[in-house]
1. Roughly what angle does helix 587-597 make with the longest principal axis of the chain, taking Cα atoms, 0 to 90 degrees, to the nearest 10?
2. Using only Cα positions of the stretch 369-481, each an equal point scatterer, no hydration layer, compute I(q)/I(0) via Debye at q = 0.13, 0.19, 0.22 Å⁻¹ and quote the log10 values to two decimals.
3. Taking +1 at the Cβ of each Lys and Arg and -1 at the Cβ of each Asp and Glu, which of LEU537, ALA523, SER166 sits farthest along the dipole of the chain towards its positive end, judged by Cα position relative to the Cα centre?
4. Can you show me the helix-derived [θ] at 222 nm for the chain, built from DSSP H runs with n ≥ 4 at -39,500 (n - 2.57) apiece and divided by the number of residues, rounded to the nearest 500.
5. State the Cα centre-to-centre distance between the stretch 272-351 and the stretch 195-271 in whole Å.
6. Once both axes come from the Cα atoms, what is the angle between helix 357-379 and the longest principal axis of the chain, in degrees from 0 to 90, rounded to 10?
7. Can you tell me the 0 to 90 degree angle between the C-alpha axis of helix 287-299 and the longest principal axis of the chain, rounded to 10?
8. Could you give the size of the charge dipole of the stretch 114-268 about its Cα centre, using +1 on the Cβ of each K and R and -1 on the Cβ of each D and E, expressed in debye and rounded to the nearest 20?
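What follows is calculated from the coordinates using simple rules that are stated; it is not laboratory data. These numbers were taken from a predicted model, which means no experiment stands behind them. Positions of Cβ are generated from backbone atoms using ideal geometry, with glycine treated the same way; all protein chains shown enter the neighbour counts.
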Amino acid sequence: MKDTTKANRGWVNTDINGELDKDATARIQDDFNLAVNKDYILALTIPAGKTMTGGLYITRLEAEAKRLAMVNDESITGHDAELVRRYYSMLKDWEKRNANGVEPLRKYIDEIRNLNNLAEMTAYFAKPDRGGIFGSLFQYTVSVSFNDPEARMIEIIPPTLSLRDSAEYRDLSENGRIKKEKNTAGWLIVLSSLGFSDTEASTIIDNAFAMETMMAQNIFTVEEEYSPDIFERMWHPCDLAGVRKASGSFPADQLLESWGAGNANLYNIDQVAYMASLDKIYTEENFLALRDWLTIMVLQDKDVFLDRQTHDGARDARNKVMGISGVESDDTEAMNLAFDNLVVPMDNMYIQKYCTPQLRSEIEDMIHAIIAEYRNMLQEEEWLTKQTREKAMEKLDHLRVRAVYPYALEDWSDLDISDTDNPLDATLKIQAYRTKRELARVNAPINKDQWEQSSMPASLVNCFYNPQDNSINILAGILGGVIYQSDYSYEQKLGALAVVIGHEISHAFDPQGSQFDKDGKFASWWTDEDREAFDRLSQKLIAYYDQFEPVEGIHYSGKRVQGEAIADMGGMKCALRVAAKIKDFDYKKFFATYAKIWAVTFIRTVEIDRAKTDSHPLGFLRVNVPVQQFDEFCKAYDVKEGDGMYIAPQDRICVW
């Protein structure tokens, strides 16, 4: 294995499970992450069936344990609890699942395999319940208009490719090869269970990849998705007639109407080149390959609802390719599937059991304190002109704060799955219910104060900034583990949650978020001079990250991670400004706490995927790069010129 430390400024990539040398040593001044996190990372054990652990991911494991305890807590009553427990019990009823075998899936597969021509396929697509649930040549979602934050639109997007990144279909990387082998291994098991011969199954899979290769030619790459100009490239508003015109002979408008999505006041076609390409894709010549692709789309991810032999066979085949050891418990898998599908009922149960007004008040106070300091930070930013500075502070002053859990909960009391007897049909019924709820919102007024749990459950281990309503969202699920404990010292609270809050605020001013104004409208509020200065600073940051080779043969992309990297440094700068006002502040405890958040270990295949596709910097870079930008770090640890952690002030890459 090639030593990539030279390409990484002498830093060790500690992220890959089993590859950290127990004898590796480093001074804090040369490799902060290795020096402070080595023993912690070496002691980590990835749980059975999982791909990662450590830092933030332990918080996710804690949240899983909480949800599992909640599902089995009989003291939680009501419709939400009854619905969740019925679905959860259905998933765990292996006696019935084994008796059903693959028959719940076969009826959907047979329907596809019995199609004989394009006309029959079009009629298949046009069935009212086919709106994205069973696979389609395009998908739609209900979202907010880019140029009118008071209006919803139906956003038309390409199907999700099995290799995720369209670039993989032009030049297959190691990451693409791993994904292709993993998917193929699982699909072969399911197709075999459905009675297809090895030859038939291989042909179906080959044809499916061939169709995706055609589609991928006109679908954005991952790199393009994270480009600053992505919103401009995606903005193609129209009415239903415009959808018809954009899709040529492919009846996209008719399908939308048959799915109940034909009455929107506004549509947006994210990728017009893809929709235009359907003229050449959706042909009689391609019919058999299209049928095979559709077969794969329908069986994708369905093995988790089938009999034990199919379920375990597909899972084990995928895990072997990925290098995943062991399997998670049936209880945990069933709970996670319940959370994926019955998201609102489970979220309501979580809020009832684990959330308190006191916790929400504590987090809101911290958010407002960070916002206040961020305002001071913008006020003093030297490269901003007065005009843009005032607009930036106006945007900050209008920042919408959502903390911990909503004041009013969503109501799914009209959902009933008592008439279904297998988890696949129950899941499809739940998905159809969610789609119907989404479509009901299309032309309805937008209540920006409403917390939409179906897309943003409070119990999710996450937090984020939403540019389309200019909101910061700190969710209950993340308030545990290394991120937040009520008895943390002030240094720990600042080094963990406060930095995270500042990070999310910074997204309002990153290359993409900065293109939306205080109301969430996609509009320029910068002077040309300030935008040019911002772009120069961003390019400097991009060039710095481009130098890394975190995994052998993978050269890092600063362009892809620039938004998250800018936010990491902005969040840390804001937290350090707060710290500067505290007498006898312990900076070493602050920085050590921050480092612990990103002290992670992944199986190698996942680290490769993250290095190629994740918009967040890898763990060891997320620790080392932000801290080395600040005098407080250098002073606390006596970092000097010539040390691995040193960057001369004029070479630092903070945008804010």
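1. Around 10 degrees separate the two axes.
2. -0.71, -1.11, -1.24
3. Working it through, the farthest residue towards the positive pole turns out to be LEU537.
4. -16000 deg cm²/dmol
5. So the two Cα centres are separated by 19 Å.
6. For helix 357-379, the angle is close to 60 degrees.
7. Around 60 degrees separate the two axes.
8. It comes to approximately 300 debye.
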